[in-house]
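Have a look at the structure below before the remarks.
The values are calculated or read from the model by the stated rules, or taken from the named source; none is laboratory data. If you're wondering where the values come from, they're calculated on a predicted model, not measured in any experiment. Here Cβ is always computed from backbone atoms with ideal geometry, including for glycine, and neighbour counts include all displayed protein chains. Quick note on the areas: whole protein, heavy atoms, side chains included, nothing else; ligands and nucleic acids left out. Shrake-Rupley method; radii C 1.70, N 1.55, O 1.52, S 1.80 Å.
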Amino acid sequence: MLDAEAQTRFAPLTEEELTARAAALAANGPLLAVENLQVGYPVRGVFGKTRSHIMAVQDVSFQIQKGETFGLVGESGCGKTTLGRALLRLVPVMGGKIWFEGRDVLGLGSSQLRQLRRDMQIVFQDPYSSLDPRMSIGAAIAEPLKIHGVIKSRRNQRERVSYLLDRVGLPASCMNRYPHEFSGGQRQRVCIARALALNPKFIICDESVSALDVSVQAQVLNLLKELQAEFDLTYIFISHDLAVVKFMSDRIMVMNQGRVEEIGPAEQVYRQPQTPYTQALINAIPVGSLDRIQELQRDRASVA
């Protein structure tokens, strides 16, 4: 069972605590701001010419406060993953603005963008496909350190990798093992450690627990919450599972066919949805799903 301190940390917040946290986050100011963002995929015609675009993200605007977990939810194909990747400029943007700490992300050159990516990281849905099967996990975690020249000494790199593995609940002795030797939950921990390597300020968790069973989901959610407090992280938490998003998030943005359906505090969106689409998502949550996750949170003594 959890000790008293852990029970307090993982217990659902009261209405007064939620109000106080919202006020504290608002006082921090925005870390990320998006205005009228548009992302489309080209439809090719004769000779490869672009005839039109299939719009995946249409006129999306929002802000994320420093230290906030911003939940992004919607059914498959609604544009949430495309939006997350557009924020990191992993896919081309057709229009709109993205500001990170006041910097115009879309106006950055290659060298400036490279520098920015030290502060902005992503954890992908499938940990196996996002890891090189020919590279040990120690080398995978150390790779960002080498690319950005943050830590040049091989000894210091190993010390950093050892620390990160320990912090995500894996023994340092496994750094010479390969991705296929780990379970799905363990591989996702490796990907989280790699995302933390450069001490980022902002992490996009793109369906990062959707491929895991419920008990492992609870462990990873515990881990993400603890890391957020320890490293002062800001998250976008992307998922089609509104129960998980509600548990993790301070605010939720619901997307439908590339557009914003509604934005609001997580508890408000979950209890008082403003649109029929959000209500349909809530009705689709399996009975007891959120209660089961919260129960597992309380019953875990650690994230190991």
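Sub-6 Å Cβ pairs linking a first residue in the range 201-224 that is closer than 14 Å to Arg189 by Cβ and polar (S, T, N, Q) to a second residue that is at pLDDT 90 or above and not in a loop (DSSP other than H, G, I, E, B), at least 6 apart or interchain, are Ser208/Val123, ordered by first then second residue. Starting from residues that are small (Gly, Ala, Ser) and over 16 Å from the mean Cα position of the chain (by Cα), keep the ones in the range 38-84 and report whichever is modelled with the lowest pLDDT. Ranking the candidates gives Gly48 first. Criterion first (farther than 30 Å from Ile54 by Cβ, open to solvent by less than 30 Å² (accessible area, probe 1.4 Å), in contact with a Phe, Trp or Tyr (Cβ under 8 Å, 6 or more places away or on another chain) and modelled with pLDDT of 90 or more) does Leu290 satisfy it? Taking the combined requirement at face value, the residue does not satisfy it. So which residues in the range 76-91 are among the hydroxyl-bearing types (Ser, Thr, Tyr) and surrounded by fewer than 18 Cβ atoms within 10 Å (Cβ to Cβ), if there are any at all? Correct list: Ser76 only.
Gly45 fulfils the conditions (1) on the phi < 0 side of the Ramachandran plot; (2) open to solvent by 10 Å² or more (accessible area, probe 1.4 Å); (3) touching a residue at least 40 places away in the same chain (Cβ under 8 Å) except for a single criterion, (3).
Kindly establish whether Met94 is in contact with a strand residue (DSSP E or B) (Cβ under 6 Å, 6 or more places away or on another chain) and open to solvent by 60 Å² or more (accessible area, probe 1.4 Å). Walk me through how you get there before you give the answer.
Numbers: in contact with a strand residue (DSSP E or B) (Cβ under 6 Å, 6 or more places away or on another chain): yes; open to solvent by 60 Å² or more (accessible area, probe 1.4 Å): yes.
Here the answer is yes, as Met94 does meet what is asked.
Given Gly109, Gly102, Gly96, which one is at pLDDT 95 or above and farther than 27 Å from Pro273 by Cα? None of the other options fit; the residue is Gly96.
Tallying residues that are farther than 25 Å from Ala229 by Cα and open to solvent by less than 80 Å² (accessible area, probe 1.4 Å) within the range 157-173 yields 0.
Can you pull out every residue in the range 174-200 that is hydrophobic (A, V, I, L, M, F, W, C), out of contact with any strand residue (DSSP E or B) (no Cβ under 9 Å at 6 or more places or on another chain) and in contact (Cβ under 8 Å) with a residue 60 or more places away in the chain? So that I can check it myself, show each step before the final result.
Filtering the range 174-200 down to residues hydrophobic (A, V, I, L, M, F, W, C) leaves 174-175, 182, 190-193, 195-198.
Narrowing the set further to residues that are out of contact with any strand residue (DSSP E or B) (no Cβ under 9 Å at 6 or more places or on another chain) leaves 174-175, 182, 190, 193.
Result: Val190, single match.
Within the bounds of the range 132-145, is there any residue that is open to solvent by less than 20 Å² (accessible area, probe 1.4 Å), touching a residue at least 60 places away in the same chain (Cβ under 8 Å), in contact with a helix residue (DSSP H, G or I) (Cβ under 9 Å, 6 or more places away or on another chain) and farther than 29 Å from Lys66 by Cβ? No, the range 132-145 contains no residue that is open to solvent by less than 20 Å² (accessible area, probe 1.4 Å), touching a residue at least 60 places away in the same chain (Cβ under 8 Å), in contact with a helix residue (DSSP H, G or I) (Cβ under 9 Å, 6 or more places away or on another chain) and farther than 29 Å from Lys66 by Cβ.
A quick yes/no check of all residues on (1) closer than 19 Å to Val123 by Cβ; (2) at pLDDT 90 or above:
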residue: Ile204; (1), (2): yes, yes
residue: Val220; (1), (2): yes, no
residue: Leu224; (1), (2): yes, yes
residue: Thr234; (1), (2): yes, yes
residue: Ile238; (1), (2): yes, yes
residue: Met248; (1), (2): yes, no
residue: Val260; (1), (2): no, yes
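Name the residue, out of Val123, Val73, Val60, that is touching a strand residue (DSSP E or B) at 6+ places or on another chain (Cβ under 6 Å), open to solvent by less than 10 Å² (accessible area, probe 1.4 Å) and within 30 Å of Asn176 (Cβ to Cβ).
The conditions single out Val123.
Scan the range 197-216 for residues that are buried (at least 22 other Cβ atoms within 10 Å of the Cβ) and either hydroxyl-bearing (Ser, Thr, Tyr) or over 24 Å from Glu101 (Cβ atoms) (or both) and jot them down. Result: Ser208, Val209.
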